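Taking it in order: structure first as structure tokens, then the write-up.
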Amino acid sequence: MARYHIETYGCTSNRGESREIERRLRDAGHRRVEGPEEADVAILNTCTVVEKTERNMLRRAEELEGETADLIVTGCMALAQGEEFRDAGVDADVLHWDEVPEAVTNGECPTTTPDAEPVLDGVIGILPIARGCMSDCSYCITKRATGKIDSPSVEENVEKARALVHAGAKEIRITGQDTGVYGWDTGERKLHELLDRICDIEGDFRVRVGMANPKGVHGIREELARVFAENDELYNFIHAPVQSGSDDVLGDMRRQHQVEEYVEIVETFDEYLDYWTLSTDFIVGFPTETEADHEQSLALLRETRPEKINVTRFSKRPGTDAAEMKGLGGTLKKERSKEMTDLKMDVVAEAYDAMVGETHEVLVVEEGTGDSVKCYDEAYRQVIVQNASERGVEPGDFLEVEITGHSTVYAFGEPV
Ligand code: SF4
């Protein structure tokens, strides 16, 4: 669990988003500290109302970068002019606000609280399918709180999903520490079976599968990719955090998978799906990471070109085995993190550039800032549609949109 510092600038909308970030961080067991120097990660929620504000935001980002291990920049300036932080040489993760809670980890999986029950939030139904994982990563503190995987039956989860759809859910988010190992405790690998059954539920809805570590996915990659290809209800999206492009580092992290297994997952999904999103995570600056290991991570990113990438600079969590290892210097970690973040920005921008001019079906999921709505297309890429009330568009609607442009973290669409 991380210690975080958060600063919010601008309007009440930004303040509301920061409150929501904090609520989710608190629920996930992270702790707020007073001041960036005590924090593992600082969050800067920015405003861009006038030029002077922009200069202040950039200056504050530069200061925070020097005071804390990791910096996340979110809010209006991050979304509208995210490249300005990069151009100024600020080493920060530039994110939409609702991606921030997931990014405030040290490569650990999301925490699922004991006996977590489904929740309906607007048209989003959150369905925790299991709790715990099958791993023992050397840098992870979450594991202590969650333990080994404990999977309710397929039938039980299908009934919970059905109840969510009947209650009005249009997007079901399948969550868990590691959804890829769902069912391993009962002797069967059955994520694909569960997804297939959920897609059979009567109704018009979409399903997003949450984080699944490569080890679990690799063993069922053919079955899983087939289920994605056969069911339009499933967003063509997987989040498989590889964490490093070096098998030596993965061994020291005790990640259980090897680089080749991750690559085979990507190849299998490429065979079955024409348009899909690969999301992955990299931890940069793990204590045993050499320059050659770092180069291998960059090469893997270039080779597999994920459309969504989280880059986390390694920081020690008390009581973990990795915390006992002799760490790399802060400057070296920063340099490597910056190099990887720059590459990430190029790779992600290329994916969004390719979308411009295309038409996609999107599901409107929630209201955005101003009069916009936030939507997701078939591959779970975020698309913002402006002037929603004028167009009579609201959460739960399905629309055809033409992609007209993009920012650092989402695309813009016009209904057609
Ligand atoms: S898979 Fe690894 S990082 Fe995720 S909860 Fe388990 S031990 Fe922690």
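The values are calculated or read from the model by the stated rules, or taken from the named source; none is laboratory data. Remember, predicted model here, so these are calculated numbers, not experimental data. Backbone-built Cβ (ideal geometry, glycine too); neighbour counts: all protein chains shown. Please note that ligands, DNA and RNA were not included when accessible areas were found on the heavy atoms of the full protein model with its side chains. Shrake-Rupley method; radii C 1.70, N 1.55, O 1.52, S 1.80 Å.
Give me the Debye-computed log₁₀ of I(q)/I(0) at q = 0.13, 0.16 Å⁻¹ for the stretch 119-355, equal point scatterers on Cα only, no solvent, two decimals.
Each listed q maps to, in turn, -0.82, -1.17.
Suppose every Lys and Arg Cβ carries +1 and every Asp and Glu Cβ carries -1, with no other charges. What dipole size does the stretch 119-355 come out with about its Cα centre, to the nearest 20 debye?
For this selection, approximately 1220 debye.
Count charges around H30 for me, please; just the other residues with Cβ under 12 Å from its Cβ, Lys/Arg as +1, Asp/Glu as -1.
On the way: positive: R3, R23, R24, R26, R31, R32, R317; negative: E22, D27, D40, E102, E108.
Computed value for this residue: +2.
Which order do you get for K143, K215 if you rank them by accessible area with a 1.4 Å probe, largest at the top?
Listed by decreasing accessible area, they come as K215, K143.
Could you pull out the pairs from K160/K190; K143/K326; K170/K374 whose alpha carbons sit more than 19 Å apart here? Don't jump to the answer; show the numbers that get you there.
Details: K160/K190 17 Å; K143/K326 22 Å; K170/K374 13 Å.
Listed pairs above 19 Å: K143/K326.
If you average 1/r over all unlike Cα pairs in the stretch 1-95 and invert the result, what Kirkwood radius do you get in angstrom?
Across the stretch 1-95, the inverse of the average 1/r is 13.2 Å.
If I model a spin label as a point 7 Å beyond the Cα along the Cα-Cβ vector, how far apart are those points for D136 and R391 in nm?
5.2 nm
Treating only the Cβ atoms of Lys and Arg (+1) and Asp and Glu (-1) as charged, compute the dipole magnitude of the stretch 3-103 about its Cα centre; round to the nearest 20 debye.
On the way: 13 positive and 24 negative charges, 96 e Å.
For the stretch 3-103, the charge dipole is close to 460 debye.
If you take every residue apart from L234 with its C-beta less than 10 Å away from the C-beta of L234, what net charge results, scoring Lys and Arg +1 and Asp and Glu -1?
-3
Work the Kirkwood hydrodynamic radius out for the stretch 168-307: mean of 1/r over every pair of different alpha-carbon atoms, inverted, in Å.
After inverting the pairwise mean of 1/r, the radius is 15.7 Å.
Keeping all protein chains in position, work out how much accessible area Y235 exposes to a 1.4 Å probe, and write it in Å² to the nearest 10.
0 Å²
Could you work out the helix-only [θ] at 222 nm for the chain, with each DSSP H run of four or more residues adding -39,500 (n - 2.57) and the total divided by the number of residues, to the nearest 500 deg cm²/dmol?
Result for the chain: -11500 deg cm²/dmol, rounded to the nearest 500.
Have a look at the DSSP beta bridges in the stretch 119-355 and tell me what percent are antiparallel, nearest 5.
Counting only bridges with both partners in the stretch 119-355, antiparallel ones make up about 15 percent.
Relative to the present Cα-Cα distance, how much length would full extension add between R59 and D204 at 0.36 nm per residue of separation?
Working: separation 145, 0.36 × 145 = 52.20 nm, distance 4.71 nm.
Gain in length upon complete extension: 47.5 nm.
Tell me, what ³J(HN,Hα) does each residue in the stretch 341-352 have, in order and in whole Hz, if you take phi through Karplus 6.51 cos²θ - 1.76 cosθ + 1.60 with θ = phi - 60° and put x for Gly and Pro?
Once rounded to whole Hz, the list reads 5, 4, 5, 4, 4, 5, 5, 5, 4, 4, 5, 5.
C140 accessible area, nearest 10 Å², 1.4 Å probe?
Spelled out: C140, probe radius 1.4 Å, area about 30 Å².
Per residue Cα convex hull volume for the stretch 299-360, in cubic angstrom? Write down the numbers at each step before the final one.
Numbers: hull volume 7.1 nm³, N = 62.
Considering the Cα atoms of the stretch 299-360, their hull volume per residue is 114 Å³.
Where does each of T312, T404 land when they are ordered by accessible area, with a 1.4 Å probe and the largest first?
T404, T312
Using the Kirkwood radius over C-alpha pairs as Rh, can you work out the diffusion coefficient of the stretch 86-178 via Stokes-Einstein at 25 °C, viscosity 0.890 mPa s, in µm² per second?
162 µm²/s
Counting DSSP beta bridges with both partners in the chain, what percentage is antiparallel, nearest 5? Walk me through the numbers before you get to the answer.
Values: 22 of 60 bridges.
Roughly 35 percent of the DSSP beta bridges within the chain come out antiparallel.
To the nearest 20 debye, what charge dipole does the chain have about its Cα centre, counting +1 at the Cβ of each Lys and Arg and -1 at the Cβ of each Asp and Glu?
Here the size comes out at about 1520 debye.
Go through the stretch 224-305 and name the trypsin sites (Lys or Arg not before Pro) that are in a DSSP coil and have 16 or fewer other Cβ atoms within 10 Å of their Cβ.
For trypsin sites (Lys or Arg not before Pro) across the stretch 224-305 that sit outside H, G, I, E and B with at most 16 neighbouring Cβ atoms in 10 Å, the list reads R254.
If I take R0 = 35 Å and measure r between the Cβ atoms of A349 and T290 in this structure, what FRET efficiency does the formula 1/(1 + (r/R0)^6) give, to the nearest 0.05?
According to the calculation, E is roughly 0.75.
Taking the Cα-to-Cβ direction at S13 and at E264 and moving 7 Å from each Cα, how far apart do the two end points lie in nm?
According to this spin-label approximation, the distance is 4.7 nm.
If you take every residue apart from E108 with its C-beta less than 9 Å away from the C-beta of E108, what net charge results, scoring Lys and Arg +1 and Asp and Glu -1?
Around E108, the charge tally is +2.
Rounded to the nearest whole Å³, what is the per residue volume of the convex hull around the Cα atoms of the stretch 28-146? The partial results should precede the final answer.
Numbers: hull volume 16.8 nm³, N = 119.
Cα convex hull per residue, to the nearest whole number: 141 Å³.
What percent of all Cα-Cα pairs in the chain falls into each 20 Å bin, going from 0 up to the bin containing the maximum distance?
27, 62, 11, 0
Give the list, by residue number, of cysteines in the chain with no other Cys Cβ closer than 4.7 Å, or say none.
By the Cβ distance rule, which asks for a partner under 4.7 Å, the isolated cysteines are C11, C47, C76, C109, C133, C199, C375.
Give me the base-10 log of I(q)/I(0) for the stretch 359-415 at each q in 0.18, 0.20, 0.21, 0.31 Å⁻¹, Debye formula, one uniform scatterer per Cα, rounded to two decimals.
Results for the stretch 359-415 at q = 0.18, 0.20, 0.21, 0.31 Å⁻¹ read -0.47, -0.58, -0.65, -1.48.
For the stretch 1-159, give me the percentage of DSSP beta bridges that are antiparallel, rounded to the nearest 5 percent.
Once the DSSP bridges in the stretch 1-159 are tallied, antiparallel ones form about 20 percent.
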